[in-house]
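Enquirer: Sharing a structure here in structure tokens format.
The values are calculated or read from the model by the stated rules, or taken from the named source; none is laboratory data. These figures come from a predicted structure and were not determined experimentally. In this analysis, Cβ positions are derived from the backbone assuming ideal geometry, glycine residues included, and neighbour counts consider all displayed protein chains. With ligands, DNA and RNA removed, areas are computed over all heavy atoms of the protein, side chains included. Shrake-Rupley method; radii C 1.70, N 1.55, O 1.52, S 1.80 Å.
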Amino acid sequence: MPAAEEVPEPMQMIQMLGAFQISQALYVVAKLGLATALADGPRSIEDLAAATGATPDAAERIIRTLAPLGLFRTDGERIEATSLGLTLAEGHPGSVRDVALWWMETHYAPFGELLHTAVTGENAATAHYGKPFLEWVTNTPEAAGLLTGGMASVTQSLRAAMFDDYSLPDGNLVADIGGADGSVLCQLLAGEPDRRGIVFDRPGVVPLARTSLTDHGLASRVDVQPGDFFESVPQADIYILSYILHDWDDESCLRLLRTIGNAAAHGARLVIIEAVIPTGDTPHFAKMTDLTMLAMTTGRERTAAEYQTLLAAAGYTLDRILPSPTPFSFIEATLR
């Protein structure tokens, strides 16, 4: 196969246009458990198909397509998953299987309306579902479960290493606003036995947090409170907004930040965990997820300057932005 730079540009474009087929093939691998079934070692295609409910012909052709991309190795009739392929295996370290299910079962179809977004400004998810995406998720239990699993997977895989060398600002009580299953707060408080916490999220979500906190041994010092973060939030010394602001337009973000400001004392600290878009044409994870925000929500990924402007308008001083080994950063601010 010629090197990437030797591939004619028309063929490069054909490959990009055909990427939807690859994402569907990856979804099949995740959904049927093809990678999971290979976690303990190679199997024959017949054995693999029988274990997962796939037909041998379809399984073989899907694997043949994905093997050149580095997900599988084939040796005669034996199929082996590579370390990359095992990121779609359930329960495997670094697995993003739940992200695959979340995206493909809730995002894939709405993206067919991206042209509608481009010419009308209405996001594709609203056009597809007939209501704003987050409203649809809240009222669809199976989708809410997919969201929680997907966000936990992001924390445990894409964002796990970012917490290794990070310490929260001073403050005893830490409130994770929109904290879902509490996985981020568990990371932040694991080595902080003197701090207490609150996981605050929608009533339909917080039961998952209680289970997670119990599993991590934090139930005795972390409370779980239901509510609407646009209406009110609990009082705390430090507020965590992890992967929240990018879901919302500037007006909604200002409303949320001011709701926190109304509950907090002067000098309270805010820690925002988001991917910050770099300037220029440098590749970055946030530039791809911004397309997701365009199609699925009213939100957006933001640059450092945009975060500074947003925080200032809501009454906060941006203290610093700490990059991490991951695509995500810690944005620290103080309530004026």
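Enquirer: Name every residue in segment 277-288 that is under 27 Å from Thr334 (Cβ atoms) and either in contact (Cβ under 8 Å) with a residue 60 or more places away in the chain or not in a loop (DSSP other than H, G, I, E, B) (or both), in order of residue number.
Expert: Scanning segment 277-288 gives Ile277, Ala286.
Enquirer: Turning to a different aspect of this structure: For segment 289-329, how many residues meet the condition of being part of a strand (DSSP E or B) and of a type in the set (Asp, Glu)?
Expert: To start, the set of residues in segment 289-329 that are part of a strand (DSSP E or B) comprises 302-303, 316-323, 329.
The next check asks that each one be of a type in the set (Asp, Glu); those that pass are 319.
The number of residues fulfilling the criteria is 1.
Enquirer: Moving to a separate point now. Tell me which residues, restricted to segment 34-66, are of a type in the set (Ser, Thr, Tyr) and assigned to a helix (DSSP H, G or I). Give the derivation first.
Expert: Taking segment 34-66 first, the residues of a type in the set (Ser, Thr, Tyr) are 36, 44, 52, 55, 65.
Across segment 34-66, the qualifying residues are Thr36, Thr52, Thr65.
Enquirer: Determine which single condition Gly76 fails, assuming it passes every other condition in (1) farther than 23 Å from Ser153 by Cα; (2) at pLDDT 95 or above.
Expert: For Gly76, the exception is condition (2).
Enquirer: Please go through segment 74-97 and give me each residue that is under 11 Å from Leu38 (Cα atoms), assigned to a strand (DSSP E or B) and touching a helix residue (DSSP H, G or I) at 6+ places or on another chain (Cβ under 8 Å), ordered by number.
Expert: Ile79, Ala81
Enquirer: Looking only at helices (runs of 4 or more DSSP H) that lie completely in segment 106-191, which have at least 1 residues being touching a Phe, Trp or Tyr at 6+ places or on another chain (Cβ under 9 Å) and crowded, with 16+ Cβ neighbours inside 10 Å?
Expert: Details: elements: 114-120, 124-129, 133-138, 141-156, 183-189.
The helices (runs of 4 or more DSSP H) meeting that bar are 124-129, 133-138, 141-156, 183-189.
Enquirer: Scan segment 198-220 for residues that are farther than 19 Å from Asp164 by Cβ and open to solvent by less than 50 Å² (accessible area, probe 1.4 Å) and jot them down. Don't jump to the end; show me each part of the working.
Expert: Let us first name the residues in segment 198-220 that are farther than 19 Å from Asp164 by Cβ, namely 198-215, 217, 219-220.
Those that are farther than 19 Å from Asp164 by Cβ and open to solvent by less than 50 Å² (accessible area, probe 1.4 Å): Ile198, Val199, Phe200, Asp201, Val205, Val206, Ala209, Ser212, Leu213.
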